[in-house]
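Before any comments, here is the structure.
Please treat every number below as a calculation from the coordinates, not as lab data. Keep in mind it's a predicted model, so treat the numbers as computed, not measured. Counting neighbours? That spans all protein chains shown, and the Cβs are built from the backbone with ideal geometry, glycine included.
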Amino acid sequence: MAGALVAGFLLTWPGGVPARATAGRTPGTAAAMRAARFGYPRQLATATTPTIDPSFIYDQLAYMATNFQHREAGYAAGASGHTGFARYWTAEMLRLLGQFGATARRYPFQVPGWAGRPATAQAVNVEITVPGVTQPAQVVVIGCHYDGEASSTQSAYDDASGCAIELGVAQAMAEFWRSHGLYPARTLRFVIFDAEEQGLLGSFNYVNEAANGSVPGIVAMFNEEQSGIGYPLRFLGQLANPLMPTHLFVSPTAPGGLYRTLSLSAAQVARSADLPRGGRTAGMEAHLHPGPARMAPDRERHTRVQRPGPLHAGRHPGCHVRG
């Protein structure tokens, strides 16, 4: 998925000296340690596309999920993981993209909290903007959310994975631009939304408040949500139960009890014909009868079903596990 993202950003513009960084700070000890741990991969000047470094993404995911835990939005008590995650992600983004004029902006907003637990603090969306050169009014948004549920510790799959992929995309694009003397043609906005777990409140606020007036200029939005796959799923999240098949993620191939009006394009039908027969059947049954599947390793809580619709980057158009 990260590779597909960077492939969509290839409209760049050649130039001489890259845009001046706006951060204006000399990296301190912490920043220097991060740079040593998550340094720039060298891309050949002959490369025709940006190169994603999977190890960089996995290392960032491990670091963020380990060091910034319990990221529930809207509560002052125990908010160090939530706030620390946003600060770290912002610092990393500016480190990677500051050379190209990247700027950071925070958008605080009110949230109600959960039933019986009113919120005690604001939620905050964070946006990193890289200005476009030739078509700056056209905006590409790369988004995910960084908050977690109260019952989740690391929230690594949902959705630190998306935040790590955003860092990986930023690193790949920056190195490609740098090695080829290029700039982004369109304006890029890397956004981490808050309070997604309380009902998509962060993205709703961003569209209706923060981005209000500029929405017509958004030409594409890539949503990096729950970007892992192949997690060991067990019925009811109990280790004593057998593993569920990983083809739980296969979309249904025909209408059924849940997808009563499902229609597939000719290309989708052709692709599904290449799947093993058992995989198609089990995958379809998993969608028709999703059940209370849970992820034992990260104590994820339940399964939700997303109804068919346009395929958004980072989301599978069928059943997926949520934390």
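In plain terms, the residue of Y157, Y75 with the fewest other Cβ atoms within 10 Å comes first and the most crowded comes last, giving Y75, Y157.
Of interest is the spacing of the C-alpha centroids, which for region 55-130 and region 182-226 amounts to 15 Å. For Y75, nonlocal amide neighbours, meaning residues 5 or more places apart or on other chains whose placed amide H falls under 5 Å from its own, are T120, A121. Going by neighbour counts of Cβ atoms within 10 Å, the residues S179, S155, S263 line up, fewest first, as S263, S179, S155.
Taking 0.36 nm per residue of sequence separation and removing the Cα-Cα distance, the A270/A76 pair yields an extension gain of 64.7 nm. Amide H contacts under 5 Å for I142: R189, F190, V191, F222, restricted to partners 5 or more places along the chain or on a different chain, H placed in the peptide plane at 1.01 Å from N. All C-alpha pair distances within region 47-115, sorted into 10 Å bins from zero, spread as 16, 38, 32, 12, 3, 0 percent across the bins.
Residue by residue, region 129-135 carries 3J(HN,Hα) couplings of 10, 10, x, x, 9, 9, 9 Hz when phi is fed to the Karplus relation 6.51 cos²θ - 1.76 cosθ + 1.60 (θ = phi - 60°); x denotes Gly or Pro. Amide H to amide H, with H built 1.01 Å from N, V111 comes under 5 Å of A123, counting only residues 5 or more places away or on other chains. Report note on the peptides 165-178, 121-134: ranked by the mean count of other C-beta atoms within 10 Å, highest first, their order is 165-178, 121-134.
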